[in-house]
1. Spot the failing condition for GLU14; the list is (1) modelled with pLDDT under 95; (2) part of a helix (DSSP H, G or I), and only one is missed.
2. Criterion first (free of Cβ contacts under 8 Å to residues at least 12 places away in the same chain and polar (S, T, N, Q)) does THR54 satisfy it?
3. Which is part of a loop (DSSP other than H, G, I, E, B), acidic (Asp, Glu) and either surrounded by fewer than 16 Cβ atoms within 10 Å (Cβ to Cβ) or modelled with pLDDT of 95 or more (or both), of ASP36, ASP3?
4. Could you list all residues from the stretch 44-56 that are in contact with a helix residue (DSSP H, G or I) (Cβ under 9 Å, 6 or more places away or on another chain) and either farther than 16 Å from GLY95 by Cα or assigned to a helix (DSSP H, G or I) (or both)?
5. Restrict the check to the stretch 61-81 and report whether at least one residue is touching a residue at least 12 places away in the same chain (Cβ under 8 Å), over 10 Å from the mean Cα position of the chain (by Cα) and not in a helix (DSSP H, G or I).
Amino acid sequence: MADTESQDVRLPDEMPSDRVADLVELVVCGLVDDIDAVSLDVTDAMEGTLIEVTCAPDDAGKVIGRRGRTIKAIRTLARALGARVGTAVDVEVLG
């Protein structure tokens, strides 16, 4: 029987934060109407990774959600994956 645990496969030039950014981009693009306006700026530092999400002004509210619930959930997912790949993560929406 084959081992069903996932392998940590990473390209040589890929940073751990790239996997987290891919997850954030996937979730954000699923929420917004104007997918072409979505861009991520990933800044890696010694203390962790900052992912700044830029989107159309009309879509910023969808990404943030009522009382910030949606962005809080996105941050929770990003931080959980960040902990798994070994980096602290913070996500900000620039709208």
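The values are calculated or read from the model by the stated rules, or taken from the named source; none is laboratory data. Predicted model, so just to flag it, every value in this text is computed and none were measured. Heads up, the Cβs are rebuilt from the backbone with ideal geometry, glycines too, and the neighbour counts pull from every protein chain shown.
1. Condition (2) is where GLU14 drops out.
2. It is false that THR54 is free of Cβ contacts under 8 Å to residues at least 12 places away in the same chain and polar (S, T, N, Q).
3. From the options ASP36, ASP3, the qualifying one is ASP3.
4. Answer for the stretch 44-56, where residues must be in contact with a helix residue (DSSP H, G or I) (Cβ under 9 Å, 6 or more places away or on another chain) and either farther than 16 Å from GLY95 by Cα or assigned to a helix (DSSP H, G or I) (or both): ASP44, GLY48, THR49.
5. No - not one qualifying residue is present in the stretch 61-81.
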